[in-house]
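Enquirer: Input: one structure, supplied below.
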There are 2 protein chains.
Amino acid sequence: MSVGHTEGTAPPAVVCEEHEDCGIRDVLDRVGDTWTVLVVVELARGERRFGVLQRAVDGISQRMLTLTLRRLERDGLVSRTVFPTIPPQVEYALTPLGREMTHLIKALADWSLDHRDAIAASRRGWDEAHPGSGIR
Amino acid sequence: MSVGHTEGTAPPAVVCEEHEDCGIRDVLDRVGDTWTVLVVVELARGERRFGVLQRAVDGISQRMLTLTLRRLERDGLVSRTVFPTIPPQVEYALTPLGREMTHLIKALADWSLDHRDAIAASRRGWDEAHPGSGIR
(Lines give C-alpha, C1' and ligand atoms only; values in the text may rest on other atoms or scores of the structure.)
Protein backbone atom coordinates (compact mmCIF):
# COMPACT_ATOMS: atom_id res chain seq x y z
CA MET A 1 0.00 0.00 0.00
CA SER A 2 1.09 3.51 -0.64
CA VAL A 3 1.44 6.44 1.69
CA GLY A 4 -2.04 6.32 3.13
CA HIS A 5 -1.99 8.79 5.95
CA THR A 6 -4.88 10.99 6.77
CA GLU A 7 -5.42 13.86 4.42
CA GLY A 8 -7.79 16.66 5.26
CA THR A 9 -9.99 16.14 8.29
CA ALA A 10 -8.61 13.80 10.94
CA PRO A 11 -11.02 11.19 12.29
CA PRO A 12 -12.76 12.76 15.27
CA ALA A 13 -11.95 11.33 18.69
CA VAL A 14 -15.65 10.71 19.20
CA VAL A 15 -15.60 7.96 16.55
CA CYS A 16 -13.93 5.76 19.14
CA GLU A 17 -16.66 6.14 21.69
CA GLU A 18 -19.31 5.11 19.21
CA HIS A 19 -17.73 2.15 17.40
CA GLU A 20 -17.28 -1.19 19.04
CA ASP A 21 -14.16 -1.67 16.90
CA CYS A 22 -12.37 1.37 18.15
CA GLY A 23 -10.12 -0.37 20.63
CA ILE A 24 -8.48 -0.77 17.27
CA ARG A 25 -7.13 2.71 17.14
CA ASP A 26 -5.29 2.31 20.40
CA VAL A 27 -3.00 -0.24 18.82
CA LEU A 28 -3.09 0.93 15.25
CA ASP A 29 -1.97 4.46 16.00
CA ARG A 30 1.17 2.92 17.37
CA VAL A 31 1.47 0.39 14.58
CA GLY A 32 1.13 3.19 12.03
CA ASP A 33 4.21 4.84 13.47
CA THR A 34 7.16 3.57 11.45
CA TRP A 35 9.80 4.34 14.08
CA THR A 36 7.88 2.27 16.63
CA VAL A 37 7.60 -0.63 14.22
CA LEU A 38 11.31 -0.54 13.36
CA VAL A 39 12.21 -0.44 17.09
CA VAL A 40 9.97 -3.35 18.13
CA VAL A 41 11.07 -5.44 15.15
CA GLU A 42 14.69 -4.88 16.19
CA LEU A 43 13.87 -5.75 19.83
CA ALA A 44 12.15 -8.94 18.60
CA ARG A 45 15.68 -10.12 17.73
CA GLY A 46 16.81 -9.73 21.34
CA GLU A 47 17.44 -7.22 24.12
CA ARG A 48 19.38 -4.15 23.05
CA ARG A 49 21.27 -1.26 24.56
CA PHE A 50 20.30 2.27 23.51
CA GLY A 51 23.33 2.83 21.28
CA VAL A 52 22.93 -0.53 19.59
CA LEU A 53 19.27 0.21 18.89
CA GLN A 54 20.13 3.61 17.49
CA ARG A 55 22.65 2.11 15.07
CA ALA A 56 20.20 -0.65 14.06
CA VAL A 57 17.32 1.72 13.32
CA ASP A 58 18.88 3.71 10.56
CA GLY A 59 18.16 7.42 10.63
CA ILE A 60 16.46 7.62 14.03
CA SER A 61 17.59 10.55 16.16
CA GLN A 62 18.50 10.18 19.83
CA ARG A 63 15.47 12.27 20.77
CA MET A 64 13.04 10.22 18.67
CA LEU A 65 14.45 6.92 19.94
CA THR A 66 14.11 8.14 23.54
CA LEU A 67 10.50 9.21 22.91
CA THR A 68 9.60 5.96 21.12
CA LEU A 69 11.09 3.82 23.91
CA ARG A 70 9.35 5.82 26.66
CA ARG A 71 5.97 5.41 24.98
CA LEU A 72 6.52 1.67 24.61
CA GLU A 73 7.63 1.48 28.26
CA ARG A 74 4.60 3.44 29.37
CA ASP A 75 2.32 1.03 27.48
CA GLY A 76 4.03 -1.93 29.16
CA LEU A 77 5.39 -3.26 25.87
CA VAL A 78 9.08 -2.65 26.52
CA SER A 79 11.10 -3.07 29.74
CA ARG A 80 14.11 -0.99 30.71
CA THR A 81 16.81 -2.55 32.88
CA VAL A 82 19.61 -0.48 34.39
CA PHE A 83 22.84 -2.32 35.24
CA PRO A 84 24.93 -0.69 37.98
CA THR A 85 28.12 -0.49 35.97
CA ILE A 86 30.22 2.63 35.48
CA PRO A 87 28.86 4.16 33.36
CA PRO A 88 25.45 2.50 33.97
CA GLN A 89 24.25 0.26 31.15
CA VAL A 90 20.60 0.39 30.16
CA GLU A 91 19.05 -2.48 28.28
CA TYR A 92 15.69 -2.52 26.53
CA ALA A 93 13.65 -5.66 25.84
CA LEU A 94 10.14 -6.58 24.76
CA THR A 95 7.86 -7.61 27.62
CA PRO A 96 5.66 -10.70 27.12
CA LEU A 97 2.86 -8.28 26.12
CA GLY A 98 5.17 -6.49 23.69
CA ARG A 99 6.29 -9.80 22.25
CA GLU A 100 2.68 -10.77 21.53
CA MET A 101 1.96 -7.49 19.81
CA THR A 102 5.16 -7.66 17.78
CA HIS A 103 4.21 -11.16 16.67
CA LEU A 104 0.96 -9.78 15.19
CA ILE A 105 2.78 -6.86 13.57
CA LYS A 106 5.27 -9.28 12.03
CA ALA A 107 2.37 -11.34 10.63
CA LEU A 108 1.12 -8.20 8.85
CA ALA A 109 4.63 -7.34 7.69
CA ASP A 110 5.20 -10.86 6.35
CA TRP A 111 1.85 -10.79 4.59
CA SER A 112 2.86 -7.49 3.04
CA LEU A 113 6.14 -8.91 1.77
CA ASP A 114 4.38 -12.00 0.38
CA HIS A 115 1.84 -9.87 -1.52
CA ARG A 116 3.85 -6.84 -2.53
CA ASP A 117 4.01 -8.04 -6.15
CA ALA A 118 0.23 -8.52 -6.34
CA ILE A 119 -0.34 -5.07 -4.85
CA ALA A 120 2.21 -3.44 -7.17
CA ALA A 121 0.58 -5.13 -10.20
CA SER A 122 -2.86 -3.97 -9.08
CA ARG A 123 -1.59 -0.41 -8.77
CA ARG A 124 -0.03 -0.44 -12.22
CA GLY A 125 -3.30 -1.71 -13.71
CA TRP A 126 -5.33 0.89 -11.84
CA ASP A 127 -3.01 3.74 -12.83
CA GLU A 128 -3.23 2.73 -16.49
CA ALA A 129 -7.03 2.65 -16.29
CA HIS A 130 -7.17 5.98 -14.41
CA PRO A 131 -4.50 8.23 -15.90
CA GLY A 132 -3.97 11.43 -13.94
CA SER A 133 -6.12 10.31 -11.01
CA GLY A 134 -3.52 11.52 -8.51
CA ILE A 135 -4.42 8.65 -6.15
CA ARG A 136 -1.40 7.29 -4.31
CA MET B 1 -1.58 2.71 22.98
CA SER B 2 -1.80 6.43 22.85
CA VAL B 3 -1.52 8.80 19.95
CA GLY B 4 1.82 7.66 18.70
CA HIS B 5 2.25 9.37 15.40
CA THR B 6 5.53 10.72 14.24
CA GLU B 7 6.70 13.82 15.98
CA GLY B 8 9.62 15.81 14.66
CA THR B 9 11.60 14.22 11.86
CA ALA B 10 9.72 11.75 9.70
CA PRO B 11 11.48 8.46 8.99
CA PRO B 12 13.46 8.94 5.78
CA ALA B 13 12.29 6.98 2.75
CA VAL B 14 15.77 5.52 2.49
CA VAL B 15 15.16 3.43 5.62
CA CYS B 16 12.99 1.17 3.52
CA GLU B 17 15.67 0.45 1.00
CA GLU B 18 18.10 -0.58 3.67
CA HIS B 19 16.01 -2.74 6.01
CA GLU B 20 14.84 -6.18 5.07
CA ASP B 21 11.72 -5.53 7.18
CA CYS B 22 10.57 -2.52 5.28
CA GLY B 23 7.95 -4.23 3.18
CA ILE B 24 6.33 -3.53 6.51
CA ARG B 25 5.75 0.11 5.86
CA ASP B 26 3.77 -0.56 2.73
CA VAL B 27 1.03 -2.19 4.74
CA LEU B 28 1.45 -0.33 8.00
CA ASP B 29 1.07 3.11 6.48
CA ARG B 30 -2.38 2.00 5.41
CA VAL B 31 -3.09 0.23 8.67
CA GLY B 32 -2.11 3.37 10.58
CA ASP B 33 -4.83 5.29 8.78
CA THR B 34 -7.91 5.10 10.98
CA TRP B 35 -10.41 5.83 8.21
CA THR B 36 -9.02 2.95 6.17
CA VAL B 37 -9.29 0.61 9.13
CA LEU B 38 -12.87 1.64 9.87
CA VAL B 39 -13.83 1.15 6.20
CA VAL B 40 -12.26 -2.31 5.82
CA VAL B 41 -13.70 -3.47 9.14
CA GLU B 42 -17.16 -2.40 7.94
CA LEU B 43 -16.63 -4.14 4.58
CA ALA B 44 -15.58 -7.29 6.46
CA ARG B 45 -19.25 -7.52 7.50
CA GLY B 46 -20.38 -7.65 3.86
CA GLU B 47 -20.54 -5.68 0.63
CA ARG B 48 -21.76 -2.13 1.00
CA ARG B 49 -23.04 0.73 -1.10
CA PHE B 50 -21.33 4.11 -0.78
CA GLY B 51 -24.13 5.73 1.23
CA VAL B 52 -24.41 2.79 3.59
CA LEU B 53 -20.64 2.88 4.19
CA GLN B 54 -20.74 6.58 4.85
CA ARG B 55 -23.45 6.18 7.47
CA ALA B 56 -21.61 3.25 9.07
CA VAL B 57 -18.29 5.06 9.36
CA ASP B 58 -19.32 7.86 11.62
CA GLY B 59 -17.83 11.24 10.80
CA ILE B 60 -16.21 10.38 7.46
CA SER B 61 -16.77 12.97 4.75
CA GLN B 62 -17.84 12.07 1.23
CA ARG B 63 -14.46 13.23 -0.07
CA MET B 64 -12.47 11.20 2.44
CA LEU B 65 -14.56 8.07 1.86
CA THR B 66 -14.07 8.42 -1.91
CA LEU B 67 -10.31 8.82 -1.46
CA THR B 68 -10.06 5.90 0.98
CA LEU B 69 -12.03 3.59 -1.33
CA ARG B 70 -9.99 4.56 -4.39
CA ARG B 71 -6.73 3.82 -2.61
CA LEU B 72 -8.03 0.43 -1.49
CA GLU B 73 -9.25 -0.27 -5.04
CA ARG B 74 -5.90 0.75 -6.46
CA ASP B 75 -4.13 -1.65 -4.09
CA GLY B 76 -6.47 -4.45 -5.16
CA LEU B 77 -7.98 -4.77 -1.68
CA VAL B 78 -11.48 -3.56 -2.52
CA SER B 79 -13.61 -4.19 -5.62
CA ARG B 80 -16.15 -1.78 -7.04
CA THR B 81 -19.17 -3.15 -8.89
CA VAL B 82 -21.52 -0.90 -10.86
CA PHE B 83 -25.08 -2.17 -11.37
CA PRO B 84 -26.85 -0.75 -14.44
CA THR B 85 -29.88 0.51 -12.57
CA ILE B 86 -31.24 4.05 -12.76
CA PRO B 87 -29.57 5.67 -10.97
CA PRO B 88 -26.59 3.26 -11.15
CA GLN B 89 -25.82 1.45 -7.92
CA VAL B 90 -22.19 1.01 -6.90
CA GLU B 91 -21.24 -1.67 -4.46
CA TYR B 92 -17.90 -2.05 -2.66
CA ALA B 93 -16.54 -5.34 -1.32
CA LEU B 94 -13.28 -6.73 -0.01
CA THR B 95 -11.34 -8.78 -2.56
CA PRO B 96 -9.83 -12.08 -1.39
CA LEU B 97 -6.55 -10.15 -0.86
CA GLY B 98 -8.38 -7.46 1.11
CA ARG B 99 -10.12 -10.10 3.18
CA GLU B 100 -6.77 -11.63 4.16
CA MET B 101 -5.34 -8.28 5.17
CA THR B 102 -8.46 -7.36 7.12
CA HIS B 103 -8.22 -10.65 8.96
CA LEU B 104 -4.73 -9.71 10.18
CA ILE B 105 -5.86 -6.21 11.11
CA LYS B 106 -8.76 -7.67 13.07
CA ALA B 107 -6.31 -9.93 14.93
CA LEU B 108 -4.42 -6.83 16.05
CA ALA B 109 -7.65 -5.03 16.91
CA ASP B 110 -8.92 -7.99 18.94
CA TRP B 111 -5.59 -8.25 20.73
CA SER B 112 -5.85 -4.55 21.52
CA LEU B 113 -9.34 -4.97 22.99
CA ASP B 114 -8.25 -7.99 25.02
CA HIS B 115 -5.29 -6.11 26.50
CA ARG B 116 -6.58 -2.58 26.82
CA ASP B 117 -6.92 -2.94 30.61
CA ALA B 118 -3.34 -4.15 30.99
CA ILE B 119 -2.08 -1.29 28.84
CA ALA B 120 -4.18 1.28 30.72
CA ALA B 121 -2.89 -0.04 34.05
CA SER B 122 0.69 0.12 32.81
CA ARG B 123 0.19 3.71 31.77
CA ARG B 124 -1.28 4.72 35.11
CA GLY B 125 1.68 3.14 36.90
CA TRP B 126 4.17 4.81 34.58
CA ASP B 127 2.52 8.23 34.90
CA GLU B 128 2.59 7.97 38.71
CA ALA B 129 6.28 7.05 38.62
CA HIS B 130 7.10 9.81 36.09
CA PRO B 131 4.97 12.84 37.02
CA GLY B 132 5.11 15.61 34.45
CA SER B 133 6.90 13.48 31.85
CA GLY B 134 4.59 14.69 29.10
CA ILE B 135 4.81 11.26 27.40
CA ARG B 136 1.55 10.23 25.78
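The values are calculated or read from the model by the stated rules, or taken from the named source; none is laboratory data. The structure presented is a predicted model; accordingly, all values stated were derived computationally and were not measured. FYI the Cβ positions are ideal-geometry reconstructions off the backbone, even for glycines, and counts take in every protein chain you see.
Enquirer: What is the number of the single condition among (1) in contact with a helix residue (DSSP H, G or I) (Cβ under 8 Å, 6 or more places away or on another chain); (2) surrounded by 14 or more Cβ atoms within 10 Å (Cβ to Cβ); (3) not basic (Lys, Arg) that B:Ser133 does not meet?
Expert: Every condition holds for B:Ser133 apart from (2).
Enquirer: So, one more: If A:Arg99 meets every condition in (1) of a type outside the set (A, V, I, L, M); (2) more than 16 Å from A:Leu38 (Cα to Cα); (3) without any contact (Cβ under 8 Å) to a residue 60 or more places away in the chain apart from one, which number is that one?
Expert: The failed condition is (2).
Enquirer: Would you point out which residue out of B:Arg63, B:Arg74, B:Arg124, B:Arg48 is over 26 Å from A:Ser122 (Cα atoms) and at pLDDT 90 or above? First the steps, then the outcome.
Expert: On the way: B:Arg63 fails: over 26 Å from A:Ser122 (Cα atoms); B:Arg74 fails: over 26 Å from A:Ser122 (Cα atoms); B:Arg48 fails: over 26 Å from A:Ser122 (Cα atoms).
B:Arg124 is the lone residue from the list that is over 26 Å from A:Ser122 (Cα atoms) and at pLDDT 90 or above.
Enquirer: Take B:Arg55 and tell me if it is buried (at least 19 other Cβ atoms within 10 Å of the Cβ) and among the charged types (D, E, K, R). Even if it seems obvious, please write down each step before you answer.
Expert: On the way: buried (at least 19 other Cβ atoms within 10 Å of the Cβ): no; among the charged types (D, E, K, R): yes.
The answer is no for B:Arg55.
Enquirer: Another one. Please give the helices (runs of 4 or more DSSP H) falling wholly within segment A:43-136 in which 2 or more residues are closer than 23 Å to B:Ala109 by Cα and more than 8 Å from chain B (Cβ to nearest Cβ).
Expert: So the answer is A:62-74, A:96-129.
Enquirer: Looking at segment A:82-130 only, could you name the residues that are surrounded by 11 or more Cβ atoms within 10 Å (Cβ to Cβ) and of a type in the set (Ser, Thr, Tyr)?
Expert: Selection gives A:Tyr92, A:Thr95, A:Thr102, A:Ser112, A:Ser122.
Enquirer: Write out, first by first residue and then by second, each pair whose Cβ atoms fall under 7 Å of each other, whose residues are 6+ apart or on separate chains, and whose first residue, in segment B:27-39, is facing another protein chain (nearest Cβ under 7 Å) and over 11 Å from B:Ile105 (Cβ atoms) while the second is part of a helix (DSSP H, G or I) and at pLDDT 75 or above.
Expert: Close Cβ pairs (under 7 Å, with a partner that is part of a helix (DSSP H, G or I) and at pLDDT 75 or above) amount to B:Trp35/B:Met64; B:Trp35/B:Thr68.
Enquirer: For residues in segment B:91-136 being β-branched (Val, Ile, Thr) and closer than 19 Å to A:Arg74 by Cα, which is nearest to the chain's Cα centre (by Cα)? So that I can check it myself, show each step before the final result.
Expert: Just the residues of segment B:91-136 that are β-branched (Val, Ile, Thr), to begin with: B:95, B:102, B:105, B:119, B:135.
Still in the list and also closer than 19 Å to A:Arg74 by Cα: B:119, B:135.
On the way: B:Ile119: 20, B:Ile135: 24 Å.
Among those residues, the one meeting the criterion is B:Ile119.
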